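Notes for the one structure printed next.
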């Protein structure tokens, strides 16, 4: 599923964001040391070219923010000859060692690299800042987000987080600064792959743990790792290195849900219950659902009950937050039919067709379960050979058009 | 084991208690479907008859339901009316057995029991208990076809039939003899004065009650006066008791609502009502529409709200109540079925 028109929307949003950021940073400008900084082009590590427009958006925003914060940007014309001499492809300038080497040749103090990838519409962005003299990572920011308009907020957040850390560079750290000697990662996600910035893949969790290769990270620095496992959602985690020997328990990954089974109750249909099955076209994102709600309409007197079977097919998806979020929102729409028959003798069976115009649901998202409340807007079509409801909103007790459903879902 | 039994007993007691709680029953009875479906004790399929009558003019028609009672029986009447065109009157007993039907070529809305012979008069037809025949009602001053005849109401007393309506700021009344041939124009100058934006929105009466104070028989006529609160939907209601013997030209010359009547009584004001449906009289109280679409209230004659209940949010659905307030009869224009449903009053 693709968003049509995402490129123009992205361009407009990017320009707007750029202007906003520029105006904002003009006011927030803080004088500091004018570090000579090499800002290298943002690399797109995605497997397709579909998301390459983010390269210029991220680069431009970094440039504006660095410049407004008092950094002196080394023009590309200065480092380009050195790059050509050393035959370093532009596409490899996201690697820290290459970037630091190039920056050193133009006497820059700081090298900033950035790269991202988009897989399954999940954008993973990393920005790193190196102290050229020390050949050391000073600061890094790792962000991930769904590919929608919130991406621009994420980019802005990442840049905003990075800048204050660069300002804190101050005098270069001493060569005698203590470094971390051993980092052990502990996780229940057996077989989970661990990626570490420009080091790339560094190992996988085996027997519940992984000992990272010896990399001389400074004490009190932070590292950001990416966690990947087949059939699970990738995740990132930033770890502050406080001690020479670190034993770090990683947060578990979320399993990708391929389907979910729902049990729910709807106001106005309380003498019954609904069962639904979701099938995710994209794990925890877009889905098709089939639902059957059976309920009895009864007056609790001598009259006979009426039985309703509400059958519907829905298609929907989540907005704003990813599968790791504790609170999620989704929208669904679809078509349905309510079959009605009577306890009273000699009554025919009826079928009312309706358009389930829009449902908006808010979910509390646990690892295996979801609790949700859903506002439903149904519109009776007033069509068919034998129907009871006239054309119009389906409402309960005269109030309309919203109906509220409470439910629980088990993810599979 | 004992604990488990105690728990089950406790749960059953709770369930019993909750089932007797009006609010719980109301909430559990809520449904997106009309309430009368689950209150129905009988229904009759009128599809074949109505489709035969409507023919190709199926798209533009309307219907009314009347429940009328004389001293011996109660009858249910369904009127299906083409727009414009003739109407068909179907007569049922209270078990919804179709007794007779008749096509009449007039377009009148009227339903009452005639004063002398106790025939039922519905639409343009007169039902004597066996046959339905056209009624020769003079057109003057009975409203022409184009007028909103919901605003005219009828009662019978002392051998005469009466039609009452509201003109701006006053009530009008016309008296007919039992044959409907000699209208006696009312003299609204002024029969009853009404200040403000108010109108007659229903009428109920009880023929020949024994007066508990003075003895003898009386026929109280209850006028349901609706006034707007300024916005389009909402308003208020007064129930005003008058006496049939005062019509057609009551001698009151002061304001009906503000001052009341010398021989009558004005209820307290009932707020938040609406007038999409006429206000209907039963012996359990007056049924009035509320501002919550499809929800109605049962109001006592003193203006006290007895209960709220839901019928349907479909405003085109006609219904009427029996005089005792035990059942109501409602016609679903989608299914073309007439239902008899319990009121629960």
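We did not get these values from a lab; they are worked out from the coordinates using the rules stated. Computed from a prediction, not measured in an experiment: that's the story for all the values here. Note: ideal-geometry Cβ built from the backbone for every residue, glycine included; neighbour counts use all protein chains shown.
Averaging the sequence gap over all C-alpha pairs within less than 8 Å and six or more residues apart, then dividing by the number of residues, gives chain A a relative contact order of 9 percent. Taking 0.36 nm per residue of sequence separation and removing the Cα-Cα distance, the residue A:209/residue A:355 pair yields an extension gain of 47.4 nm. Give the separation of the Cα centroids, region A:84-162 to region B:279-316, in Å. Between the Cα centre of region A:84-162 and that of region B:279-316, the gap is 71 Å. The Stokes-Einstein estimate for chain A, based on a Kirkwood radius over Cα pairs and taken at 25 °C with 0.890 mPa s viscosity, is a diffusion coefficient of 98 µm²/s. Specify the residue with the greatest mean-square fluctuation among A:181, A:77, A:226, computed from a Gaussian network of chain A linking alpha-carbon atoms under 10 Å apart. Checking each option, the largest mean-square fluctuation is seen for A:77. Cβ crowding within 10 Å ranks B:59, A:321, A:395 as B:59, A:321, A:395, fewest other Cβ atoms first.
Going from the fewest other Cβ atoms within 10 Å to the most, the residues B:14, A:38 appear in the order B:14, A:38.
Over the residues of chain A, the helix contribution to mean residue ellipticity at 222 nm works out to -6000 deg cm²/dmol, using -39500 (n - 2.57) for each DSSP H run of at least 4.
Taking other Cβ atoms within 10 Å as a rough exposure proxy, A:247, B:96 sort from fewest to most as A:247, B:96.
Just checking the listed ones, A:49, A:243, A:189: in the Gaussian network model of chain A with Cα springs under 10 Å, the one fluctuating most is A:49.
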